[in-house]
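Below you'll find the structure, written out as structure tokens, and then a few comments.
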Amino acid sequence: MKNFLASVPTRSREKDFIRHASHELRTPIAALGATTELALSRPREAAEYIRHLESCAKTSAELSTLVNSLTALARIGGNNTPPQLVALSFSEILDETLAKFTKPIAANNITIETTGSAPTALGDPAMTGIILSNLLDNAISYSAPGSTISINLSAHPDHAEISFTNPSTDLPEDLERLFEPLFRRDSARTSNTHLGIGLTLSREAASAMSGTLTATCPGNGLVCFCLCLPAFKP
């Protein structure tokens, strides 16, 4: 797949990014509005108002995370603000990512299995964190409750890898479609909250760091997303 952002003129790239951002912001903004309207639809006891306010606060925090993510990814394809490439540990960023998803993992009775070594890659910590968050969110969202998500880390002479493998029964025949802008699988569960940066932008983030993000089907109804970044060489 060609570099989606870098292969188009700046004005077109800006329009595409705005389109992506608008699409991803639509769901949490609608949820915030719906919760507020429901709370104001009739007089309520204080405890009910508290529950609605807590829901609004949660959505607000998710919006803040989403805006920060989109701001970081807006740098992709730009010449003035290239990725900040430093030595980074997939293991450390993965631990931070898993900590963010403790509740949805528990709510869906998901088992996380982590194998392999902790390679040191050359990459942008913010972009890498965004990609891992998106891949984990994607795995949780498209796995049936009680499923197992396997995460493997591996070090190679010229690159470092981290992969997320989970069961999925609604994959397109052409896995490259998963990276198309605005592509959504019809049977996705809507009860889960996505960070919203999308696989398209995640692949662009990987490409901006001279890495790759690919999807494969290892068999038995599984899908595997693999992020490869250059190995850090002191």
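For the reader, a short list of remarks on this structure follows.
- Of note, residue 155 satisfies the criterion of being farther than 13 Å from residue 222 by Cα, modelled with pLDDT of 90 or more, open to solvent by less than 70 Å² (accessible area, probe 1.4 Å) and in contact with a Ser or Thr (Cβ under 6 Å, 6 or more places away or on another chain).
- Matching entry among 102, 114, 120 (being without any contact (Cβ under 8 Å) to a residue 12 or more places away in the chain, surrounded by fewer than 21 Cβ atoms within 10 Å (Cβ to Cβ) and among the polar types (S, T, N, Q)): 102
- The condition (being surrounded by 13 or more Cβ atoms within 10 Å (Cβ to Cβ) and either on the phi > 0 side of the Ramachandran plot or modelled with pLDDT under 85 (or both)) is satisfied by just one residue among 61, 39, 74: 74.
- In segment 168-205, the residues that are of a type in the set (S, T, N, Q), modelled with pLDDT under 70 and closer than 15 Å to residue 130 by Cβ: none
The values are calculated or read from the model by the stated rules, or taken from the named source; none is laboratory data. These numbers were taken from a predicted model, which means no experiment stands behind them. As a convention, Cβ positions derive from the backbone with ideal geometry for all residues, glycine included, and neighbour counts pool all protein chains shown. SASA here: full protein model, heavy atoms, side chains in, ligands and nucleic acids out. Shrake-Rupley method; radii C 1.70, N 1.55, O 1.52, S 1.80 Å.
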